[in-house]
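Student: Can you read through this structure? Questions will come right after.
The values are calculated or read from the model by the stated rules, or taken from the named source; none is laboratory data. Values in this document were obtained by computation on a predicted structure and should not be read as measured data. For neighbour counting, all protein chains shown are included, and Cβ atoms are generated from backbone atoms with ideal geometry for every residue, glycine included.
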Amino acid sequence: MKTLLADGPSNLYATEMEQFGRLTGHWATEITYYPTNGSPARRVSGEWEFSYALEGRAVLDVWQWPAREEILTADRAADQECGLCVRIWDPRLQLWRFTFHGTAHGDQVHMYARQIDDEIVMERAVGSDLIRWTFTDITTGTFHWRNERSTDGGHTWRLDQEVSARRLH
Amino acid sequence: MAAAVELIAAPWNIGLRPPWPGREPGTWRTPQALLSAGLEARLRPARVAQLDRPPYEFDAQPATRIRNGVTIREHALRLGEAVQSALAASRFALVLGGDCSILLGCLLGARRQGRCGLVHLDGHSDFRHPGNYDTASSLGSAAGMDLALATGRGELLLTHWPVVGRPLVADQDVIQIGDREEAEEEAPPVTRFTAQEIQRIGIADLGERVIRRLEQRELDRVWLHLDLDVLDERVLPAVDSPGRPGLDFPQLAELLSTLTGTGRVVGLDVAIYDPELDPDGAHAAPIVDCLASALTPLTTVGTHT
């Protein structure tokens with residue numbers, strides 16, 4: 001599968017590709033979940049690896065928890081996630097099309113994304129909810145990500161999960 | 001200075017719900033119906049741009065609770081380019097829909113040349129958004145959401161746009177005219193003249209009030225959205241959601257003429273007439289008469305070829 005990954009962005013949409021392309025590399029993550037039932041927040045470590053792919057027309061990432069160093073003595077448990085995200089710029093829609101394919105629970109998620117000011121906002125509508133995943137505070141060495149849900153059409157948002165990421169290389 | 005008219009045919013029905021299971025709405029036939037009824041001959045446009053008919057999908061598209069939401073975005077971007085091109089050529093853009101979701105592409109095209117207000121003529125508020133109805137129970141129809149989406153309420157898919165961002169138009173720059181169901185749904189926070197209020201004040205006074213509001217807001221550029229269900233169902237029943245009270249054709253022509261006569265209106269979209277609900281075509285002619293009487297003055301100067 002040497003054709004899967006790419007060294008850089010396609011010249012076709014170089015400016016748009018850079019929006020997610022600046023995340024290429026390997027990141028250590030601290031993931032915090034905020035249960036809806038009021039129980040205390042739960043934290044786990046993880047890793048997040050991004051790369052250009054498909055002749056530079058896509059950005060892929062692999063989302064994992066726990067971090068590899070925490071599973072040295074055993075295989076990853078069946079319910080511990082190692083999932084694939086595919087992000088493809090769609091010039092007809094002037095949006096990113098996003099899919100997540102989880103291996104732990106069979107999750108499959110579709111979203112649309114755009115850079116809005118300094119953030120990259122991803123969104124999907126499910127049932128009566130809007131769900132947003134937002135990349136924010138992006139620097140060369142760190143970024144922040146949050147997963148929020150709105151049950152009132154985007155008027156208010158509840159933080160379900162957030163990630164602090166630190167670049168490993 | 002008056003400008004030549006450019007007709008843009010947008011044969012859409014993707015913003016409407018199926019009239020019954022498995023049946024597509026017929027509004028996509030409208031551009032051809034109005035052209036066949038003489039609109040082109042009456043307005044002598046500088047150009048007629050024909051856009052493709054978008055495919056209609058009955059089932060939900062991924063990650064959106066808006067029927068045909070992905071398709072609407074794609075074709076709104078195309079329509080926006082057509083409108084932008086017409087305005088860049090100093091032409092008055094007359095967009096023949098289609099359903100009310102064409103408003104998004106029209107505003108997108110108009111906004112690319114700067115600030116642009118909206119006069120929204122419609123028998124309904126078209127202000128549905130995920131905060132005021134149950135999106136889980138059924139797919140939403142963009143033709144009932146166009147004002148909410150245009151003012152930035154709803155899914156990212158149809159509220160965040162290239163270059164313009166969000167919203168396409170600010171609440172304060174919108175004037176809505178003709179809503180007859182004000183008590184039934186959340187009222188949009190815009191300047192409003194309901195159908196009942198228009199009955200009280202009359203068309204001449206309405207026109208003066210609208211112009212005064214445009215002057216107050218210093219809106220030199222305005223887009224005019226015309227959902228033909230602003231007409232009373234007794235004069236135009238061939239629409240998706242007919243009702244009363246509403247305008248008659250002479251009142252509508254007078255209002256359109258007054259507004260376009262200000263020189264502030266850069267374009268007009270016409271939506272929701274359904275030729276399939278008008279099998280003998282009886283209603284196409286009065287629609288053409290109304291548009292022609294209001295817009296013909298625009299064709300007297302310009303680059304007509």
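Student: Among the candidates B:Gly152, B:Gly243, single out the residue that is of a type outside the set (Ser, Thr, Tyr), within 14 Å of another protein chain (Cβ to nearest Cβ), crowded, with 17+ Cβ neighbours inside 10 Å and more than 16 Å from the chain's Cα centre (by Cα).
Tutor: Numbers: B:Gly243 fails: within 14 Å of another protein chain (Cβ to nearest Cβ).
So the residue among B:Gly152, B:Gly243 that is of a type outside the set (Ser, Thr, Tyr), within 14 Å of another protein chain (Cβ to nearest Cβ), crowded, with 17+ Cβ neighbours inside 10 Å and more than 16 Å from the chain's Cα centre (by Cα) is B:Gly152.
Every residue, every condition in (1) part of a helix (DSSP H, G or I); (2) within 22 Å of B:Met145 (Cβ to Cβ); (3) of a type in the set (D, E, K, R), yes or no:
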site	(1), (2), (3)
B:Ala187	no, yes, no
B:Arg192	no, yes, yes
B:Gly207	yes, no, no
B:Glu215	yes, no, yes
B:Asp220	no, no, yes
B:Leu226	no, yes, no
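Student: Going by the conditions given, is B:Ile287 buried (at least 19 other Cβ atoms within 10 Å of the Cβ), on the phi > 0 side of the Ramachandran plot and in contact with a strand residue (DSSP E or B) (Cβ under 7 Å, 6 or more places away or on another chain)?
Tutor: Against the criterion (buried (at least 19 other Cβ atoms within 10 Å of the Cβ), on the phi > 0 side of the Ramachandran plot and in contact with a strand residue (DSSP E or B) (Cβ under 7 Å, 6 or more places away or on another chain)), B:Ile287 does not qualify.
Student: Another question, then. Being in contact (Cβ under 8 Å) with a residue 24 or more places away in the chain and either within 14 Å of another protein chain (Cβ to nearest Cβ) or within 17 Å of the chain's Cα centre (by Cα) (or both): is that true of A:Ala165 here? Outline the logic, then answer.
Tutor: Details: in contact (Cβ under 8 Å) with a residue 24 or more places away in the chain: yes; either within 14 Å of another protein chain (Cβ to nearest Cβ) or within 17 Å of the chain's Cα centre (by Cα) (or both): yes.
Yes; evaluated as a whole, the condition is true for this residue.
Student: Taking the conditions exactly as written (within 14 Å of the chain's Cα centre (by Cα) and under 25 Å from B:Leu39 (Cβ atoms)), does B:Leu108 satisfy them or not?
Tutor: Answer is yes for this residue.
Student: Given (1) at pLDDT below 95; (2) of a type outside the set (Ser, Thr, Tyr); (3) under 24 Å from A:Ser150 (Cα atoms); (4) surrounded by 15 or more Cβ atoms within 10 Å (Cβ to Cβ), where does A:Met122 come up short, assuming only one miss?
Tutor: For A:Met122, the failing item is (1).
Student: Of everything in the range B:146-185 that's assigned to a loop (DSSP other than H, G, I, E, B) and touching a strand residue (DSSP E or B) at 6+ places or on another chain (Cβ under 7 Å), which residue is nearest to A:Ile116 (Cα to Cα)?
Tutor: To start, the set of residues in the range B:146-185 that are assigned to a loop (DSSP other than H, G, I, E, B) comprises B:151-155, B:159-160, B:162-164, B:166-170, B:178-185.
Pick out the ones that are also touching a strand residue (DSSP E or B) at 6+ places or on another chain (Cβ under 7 Å) and you get B:151, B:155, B:160, B:168-169, B:178-179.
Numbers: B:Thr151: 17, B:Glu155: 14, B:His160: 8, B:Leu168: 15, B:Val169: 17, B:Gly178: 35, B:Asp179: 33 Å.
The selected residue is B:His160.
Student: Checking the condition part of a helix (DSSP H, G or I), surrounded by fewer than 19 Cβ atoms within 10 Å (Cβ to Cβ) and not polar (S, T, N, Q), which residue from B:Gly202, B:Gly263 passes?
Tutor: Among B:Gly202, B:Gly263, only B:Gly202 is part of a helix (DSSP H, G or I), surrounded by fewer than 19 Cβ atoms within 10 Å (Cβ to Cβ) and not polar (S, T, N, Q).
Student: Tell me, please, whether a residue that is small (Gly, Ala, Ser) and at positive phi can be found in the range A:31-54.
Tutor: Filtering the range A:31-54 down to residues small (Gly, Ala, Ser) leaves A:38-39, A:41, A:45-46, A:51, A:53.
Among the residues that remain, those that are also at positive phi are: A:38.
Checked the range A:31-54: at least one residue is small (Gly, Ala, Ser) and at positive phi.
Student: Follow-up question, since we're still on this one. So which residues in the range A:73-97 are under 21 Å from A:Arg146 (Cα atoms) and more than 10 Å from chain B (Cβ to nearest Cβ)? Give the derivation first.
Tutor: Keep residues of the range A:73-97 that are under 21 Å from A:Arg146 (Cα atoms), which gives A:80-88, A:95-97.
Across the range A:73-97, the qualifying residues are A:Gln80, A:Glu81, A:Cys82, A:Gly83, A:Leu84, A:Cys85, A:Val86, A:Arg87, A:Ile88, A:Trp96.
Student: Please pick out the residue among A:Ser10, A:Ser45 that is surrounded by fewer than 19 Cβ atoms within 10 Å (Cβ to Cβ), out of contact with any Lys or Arg (no Cβ under 8 Å at 6 or more places or on another chain) and of a type in the set (Ser, Thr, Tyr). Break it down stepwise before answering.
Tutor: On the way: A:Ser10 fails: out of contact with any Lys or Arg (no Cβ under 8 Å at 6 or more places or on another chain).
Answer to the selection: A:Ser45.
Student: Write out, first by first residue and then by second, each pair whose Cβ atoms fall under 7 Å of each other, whose residues are 6+ apart or on separate chains, and whose first residue, in the range B:257-284, is within 21 Å of B:Ala143 (Cα to Cα) and among the β-branched types (Val, Ile, Thr) while the second is at pLDDT 95 or above and in a loop (DSSP other than H, G, I, E, B).
Tutor: Listed pairs, sorted by first residue: B:Val270/B:Gly97; B:Ile272/B:Asp99; B:Ile272/B:Cys100.
Student: Determine the pairs where a residue that is within 17 Å of B:Cys106 (Cβ to Cβ), located within the range B:51-64, has a partner that is among the acidic types (Asp, Glu) with Cβ atoms under 9 Å apart, the partner being 6 or more residues away or on another chain.
Tutor: B:Pro54/B:Glu74
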